[in-house]
1. So how many residues does the range 120-163 have that are in contact with a strand residue (DSSP E or B) (Cβ under 7 Å, 6 or more places away or on another chain) and among the charged types (D, E, K, R)?
2. Working carefully through the options A115, A121, A94, find the one that is under 30 Å from L204 (Cα atoms) and assigned to a helix (DSSP H, G or I).
3. Within the range 156-173, can one find any residue that is modelled with pLDDT of 90 or more and either assigned to a helix (DSSP H, G or I) or of a type outside the set (G, A, S) (or both)?
4. For the list (1) out of contact with any strand residue (DSSP E or B) (no Cβ under 9 Å at 6 or more places or on another chain); (2) within 19 Å of A89 (Cβ to Cβ); (3) of a type outside the set (S, T, Y); (4) in contact (Cβ under 8 Å) with a residue 60 or more places away in the chain, I need the number of the one condition that L338 fails.
5. May I ask you to verify whether L333 is crowded, with 21+ Cβ neighbours inside 10 Å, more than 20 Å from the chain's Cα centre (by Cα) and in contact (Cβ under 8 Å) with a residue 24 or more places away in the chain?
6. Within the range 376-412, how many residues turn out to be more than 27 Å from T322 (Cα to Cα) and either in a helix (DSSP H, G or I) or not hydrophobic (A, V, I, L, M, F, W, C) (or both)?
7. Looking at the range 246-301 only, could you name the residues that are of a type in the set (G, A, S) and modelled with pLDDT under 80?
Amino acid sequence: MGVRDEPSGPAAEAADPAQPPALRAVLASRRYRRLLALCVVVGVPIALVCFGFVGLQHELQHAVWRELPEALGFDRAPWWWPLPTLLLAGLVLAPVVTRMPGGGGHLPVNGLGGAPLGPDALPGVLIAALATLPLGVVLGPEAPLMAVGSGLALLAARAARRALALRAERRASSSASASSPGGPGGPGGGGDGAPLGPQESTLLATAGSTAAISTILGGPVAAAVLVVEGAGLAGGRLVVLLLPCLLASAAGAVVFTGFGHWTGLSIGALKLPTVPPDVNPDAGDFLWGVPLAALIALAVAAARWLGRRTAWSTRRNTALRTVAYGLAVGVCLAAYALLTGRSPEEAALSGQETLGRLAAQPHDWSVLALLALVLCKGLAWALCLGAMRGGPIFPGVLIGAALGIACSGLPGLGTTPALALGIAAATAALTGLPLTSAVLAVLLLGADASEQMPLIVTASVVAFMTAQLATRPAARGDGP
């Protein structure tokens, strides 16, 4: 989608949603059904690769932050632990960013992506993610997973294109009529047997990235909503895009979840095993919730502004400054441990495990500890947004939740509503997708979400509007 040179045939007809026969023609065509089948087939191996990716990342993370400190005689990672690990992360990432195709992936300050990365960029993405995220980089795995999914899907499209071209050549050699450039089965035709065009390859790449992201966002629903809202499409064209993404993400999620149960390995999905006792939001929760959602949005906007400044500065002396910012992130994480007496692991990494512990036992953190977590992890996250590689969403969700729970002691604001609005507000401010943010918050809260939905939706809208108004001037001059 969004390609100027549109192919002929059903894919081109779908480009005009206002044309009544377009959607029926696309859905009835063999070419589109073949594309749907290819998305399902592609979703399975993508899920397997993502399972291995996330499982290996989790094992490496556990080794760095649990097993190695214990082997050295520590009960947990000492306060200074992030200094050497983040310095090492910067040293590993610097040559990837400066020398490998794709630069290790998209800058996380720009969101989850941009144009899909091709297969040539996959080695750099995998090295950057697996070699740096377990060392404590304050980013999540979602962006690398999407890059892996789109790259593998494009690789499959390339293989399918070669197979179809070979079949067309064989037909051309056996039949003089089939050798015509405009023939229905020729390489340049628009028939059902023609190779995948630019739009269809992009659609397949989108389906691949959706299959990958669905594995850690709670299933196909959140991933599909993200695609719907992020695409900004409507009508028949939206349906044409959504169906392959739904099928690929559903196939991927089934395989991913099944392997998690069969192997017993952690799959690293963003989830809340338990949440505080359900309390129906009342007028006090809304009175505090609206300004709190705006405050969280401003905090996220400030982090993104600093991330853009960091990205801008790394344009010069990229390798040296990447290492320097890695060490600066380590200083922020060590500062959290010194200020609170808690493990620096809580402020490091993506924050998935810390979010689960915070939701299950919110009163184990003092208000000062939560504010220190927001400040130190927020500053480390902002630096990582501009200098490292990974996904921006998961740390932002933890920061929003921590700030919400830190304010839950205010008269009239409950812990569960504060947690819900913190998650929704941070995600909406970060992604610019209020519907996706509301769906993600509802899925995370599970059975306790039904009563929180009005507050979740309100927080998403308020945070989205606040972030848009706050970041628009900065985005013009400060971004990379």
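1. 1
2. Values: A115 fails: assigned to a helix (DSSP H, G or I); A94 fails: under 30 Å from L204 (Cα atoms).
Result of the check over A115, A121, A94: A121.
3. Let us first name the residues in the range 156-173 that are modelled with pLDDT of 90 or more, namely none.
Checked against the condition, which is being modelled with pLDDT of 90 or more and either assigned to a helix (DSSP H, G or I) or of a type outside the set (G, A, S) (or both), the range 156-173 yields no hits at all.
4. Against the list (1) out of contact with any strand residue (DSSP E or B) (no Cβ under 9 Å at 6 or more places or on another chain); (2) within 19 Å of A89 (Cβ to Cβ); (3) of a type outside the set (S, T, Y); (4) in contact (Cβ under 8 Å) with a residue 60 or more places away in the chain, L338 comes up short only on (2).
5. On the way: crowded, with 21+ Cβ neighbours inside 10 Å: yes; more than 20 Å from the chain's Cα centre (by Cα): yes; in contact (Cβ under 8 Å) with a residue 24 or more places away in the chain: yes.
So L333 fits the description; yes.
6. So in the range 376-412, the residues more than 27 Å from T322 (Cα to Cα) come out as 401-412.
Narrowing the set further to residues that are either in a helix (DSSP H, G or I) or not hydrophobic (A, V, I, L, M, F, W, C) (or both) leaves 401-406, 408-409, 411-412.
Qualifying residue count for the region: 10.
7. Step one: of the range 246-301, the residues of a type in the set (G, A, S) are 248-253, 258, 260, 264, 266, 268-269, 283-284, 289, 293-294, 297, 299, 301.
A248, S249, A250, A251, G252, A253, G258, G260, G264, S266, G268, A269 - these are the residues of the range 246-301 that are of a type in the set (G, A, S) and modelled with pLDDT under 80.
Quick grid of which residues meet (1) without any contact (Cβ under 8 Å) to a residue 24 or more places away in the chain; (2) touching a strand residue (DSSP E or B) at 6+ places or on another chain (Cβ under 9 Å):
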| position | (1), (2) |
| --- | --- |
| E67 | yes, no |
| E70 | yes, no |
| D75 | yes, no |
| W79 | no, no |
| G90 | no, no |
| A94 | no, no |
| P101 | yes, no |
| P108 | no, yes |
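The values are calculated or read from the model by the stated rules, or taken from the named source; none is laboratory data. Quick caveat, the model's predicted, so the values are computed rather than measured. All Cβ positions, glycine included, derive from the backbone under ideal geometry; neighbour counts span all protein chains shown.
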